[in-house]
Amino acid sequence: MLHQIEEPCSLGAHAAVIVPPTWIIKVKKPQVISIAGDELELGWAGDGPGWAGDWSPSENLGFFHFYWEGWQNSLKASNRKKKRTSFKRKASKRGTEQENKGRPFVIKPISSPLMKPLLVFVNPKSGGNQGTKVLQMFMWYLNPRQVFDLSQEGPKDALELYRKVPNLRILACGGDGTVGWILSILDELQLSPQPPVGVLPLGTGNDLARTLNWGGGYTDEPVSKILCQVEDGTIVQLDRWNLHVERNPDLPPEELEDGVCKLPLNVFNNYFSLGFDAHVTLEFHESREANPEKFNSRFRNKMFYAGAAFSDFLQRSSRDLSKHVKVVCDGTDLTPKIQELKFQCIVFLNIPRYCAGTMPWGNPGDHHDFEPQRHDDGYIEVIGFTMASLAALQVGGHGERLHQCREVMLLTYKSIPMQVDGEPCRLAPAMIRISLRNQANMVQKSKRRTSMPLLNDIHQVAAADLRRVSAPPGSFTTYLAFVLVQVLVQVLDMNCLTNDSPNSPIAHVLLSPAVVLWGI
């Protein structure tokens with residue numbers, strides 16, 4: 001039994017991603033004595049060069065007298081000026097807080113080509129209770145010293161702590177905003193090489209996670225499987241784009257007062273847009289800030305989004321967007337085309353996914369003017385939307401492809417709603433320059449499924465079951481009915497654009513199938 005206990009731990013099936021306990025070196029605390037309620041720091045207690053234990057008696061005595069005289073002088077000064085007491089207490093409190101931020105250990109890694117140590121950041125506020133559950137599970141599977149709760153502290157200190165660890169990988173558990181936060185800190189620390197970042201999506205949306213094959217949300221997948229996926233994932237590049245904002249030089253200062261003067265983020269990873277979608281996002285954000293208790297469930301949030309979108313559609317608050325913007329891509333002025341097609345939303349897209357999984361660029365196919373979209377090619381896609389094309393997104397449609405470029409110059413001549421990776425604002429008239437910032441290393445989930453199905457994937461289905469679920473010829477399923485209604489909405493919208501009345505005979509003819517399908 002004793003022999004079994006003394007055997008070294010192999011760290012199990014996930015040894016490659018676990019930080020071994022031997023890498024964690026405890027930092028010895030300073031030796032402190034208390035005199036008349038005040039603490040004096042004499043030196044470092046313990047063995048080793050530079051600590052008080054190695055000094056001669058005369059050196060220790062002189063060191064003590066130095067601090068004793070300093071303490072006496074400070075005590076006399078505090079007696080002469082009583083008002084300084086509160087100031088000293090505040091300073092002491094700040095010092096204590098800063099000391100508590102320091103960790104009692106350091107990381108001293110041992111390089112090994114077989115190891116890919118994993119640093120896990122969890123945002124418990126994402127996805128309701130999912131974040132807290134995920135945090136506890138990773139604490140169980142990994143060394144707790146490599147799992148960090150972002151609600152307690154930011155990622156900067158942890159990344160500083162592990163900056164010298166070779167082959168380091170990072171797993172961001174949260175939404176796309178959590179990923180962007182970590183990437184911005186990696187930029188600030190300038191780690192070389194930059195560790196790749198994987199994503200465990202929590203909550204809704206998660207367009208970046210979908211792009212990297214991690215899916216749109218966490219579905220209680222085993223943590224052991226997730227660790228294997230992070231370890232075996234492919235490292236890919238992600239373009240990141242700068243947003244440089246200045247006031248519009250073509251307008252006088254008195255016309256620049258409405259709206260904020262800067263965007264919520266100066267870098268975007270997913271997309272930057274203005275118009276209809278940003279207006280709906282801004283309304284949701286402002287309502288949630290005013291009444292956070294009313295936005296405590298996904299269902300309520302989605303219902304509010306639907307209501308805000310419908311209200312904006314009726315009011316057509318974004319219908320004049322094309323009259324108040326100028327867009328120049330790599331020297332090509334797109335403004336005439338934007339005004340001709342009367343776009344109500346303009347999106348600058350870096351990744352294929354947008355608005356919870358839709359694909360607004362689509363597949364250009366044989367269209368020789370455009371290439372399929374990539375998130376690592378140094379190009380950004382510019383797309384325009386009308387209300388009809390926005391509705392078509394939900395059934396596989398796409399927007400109007402305008403350009404693929406490396407640099408954009410955008411001028412706005414009125415206060416316009418905008419959003420940067422889901423963070424909305426109403427920006428005052430401005431000149432915005434979009435340019436490539438850098439490329440981040442990301443972990444893309446590998447697709448291991450082969451074209452040939454495995455034996456376990458083959459299932460037999462009884463003929464009676466097939467007949468029971470089959471639909472007779474000529475009938476519509478609910479999904480097909482929904483698609484048809486979306487098409488009818490687009491046709492009606494086009495009919496309205498040609499100045500035909502919605503009460504015209506063509507409108508009644510088009511609406512009659514929808515009435516039959518939905519039983520209205």
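The values are calculated or read from the model by the stated rules, or taken from the named source; none is laboratory data. Since we're looking at a predicted model, the values are computed, not measured. Every residue, glycine among them, receives a Cβ derived from its backbone with ideal geometry; neighbour counts consider all protein chains shown.
A few remarks follow.
- When Ile235 is tested against (1) assigned to a loop (DSSP other than H, G, I, E, B); (2) surrounded by fewer than 15 Cβ atoms within 10 Å (Cβ to Cβ); (3) not acidic (Asp, Glu), only condition (1) is not met.
- Selection status of Arg240, more than 20 Å from the chain's Cα centre (by Cα) and either in a strand (DSSP E or B) or modelled with pLDDT under 95 (or both): no
- Cβ-Cβ under 6 Å pairs, at least 6 apart or on other chains, region 400-415 side more than 7 Å from Cys329 (Cα to Cα) and modelled with pLDDT of 95 or more, far side surrounded by fewer than 19 Cβ atoms within 10 Å (Cβ to Cβ) and basic (Lys, Arg): Leu411/Lys326
- Matching residues in region 166-177 - criterion: being outside any helix (DSSP H, G or I) and either modelled with pLDDT of 95 or more or out of contact with any helix residue (DSSP H, G or I) (no Cβ under 9 Å at 6 or more places or on another chain) (or both): Pro166, Asn167, Leu168, Arg169, Ile170, Leu171, Ala172, Cys173
- Meets criteria (in contact (Cβ under 8 Å) with a residue 40 or more places away in the chain, hydroxyl-bearing (Ser, Thr, Tyr) and in a loop (DSSP other than H, G, I, E, B)) for Thr204: yes
- Filter result for Gly102 (surrounded by 10 or more Cβ atoms within 10 Å (Cβ to Cβ), at pLDDT below 95 and in the same structural domain as Pro201 (by TED's automatic domain parsing)): no
- Filter pass, Gly180 being part of a loop (DSSP other than H, G, I, E, B), touching a residue at least 24 places away in the same chain (Cβ under 8 Å) and either in contact with a strand residue (DSSP E or B) (Cβ under 6 Å, 6 or more places away or on another chain) or assigned by TED's automatic domain parsing to the domain that holds Pro113 (or both): no
- Total residues in region 417-438, condition under 19 Å from Pro336 (Cα atoms) and touching a helix residue (DSSP H, G or I) at 6+ places or on another chain (Cβ under 7 Å): 0
- Region 144-162, residues that are loosely packed, with under 15 Cβ neighbours inside 10 Å and part of a loop (DSSP other than H, G, I, E, B): Ser151, Gln152, Glu153, Gly154
- Taking (1) closer than 29 Å to Thr178 by Cβ; (2) at pLDDT 50 or above in turn, Glu97 satisfies each apart from (2).
- Residues of region 117-137 classified as free of Cβ contacts under 8 Å to residues at least 12 places away in the same chain and among the basic types (Lys, Arg), total: 1
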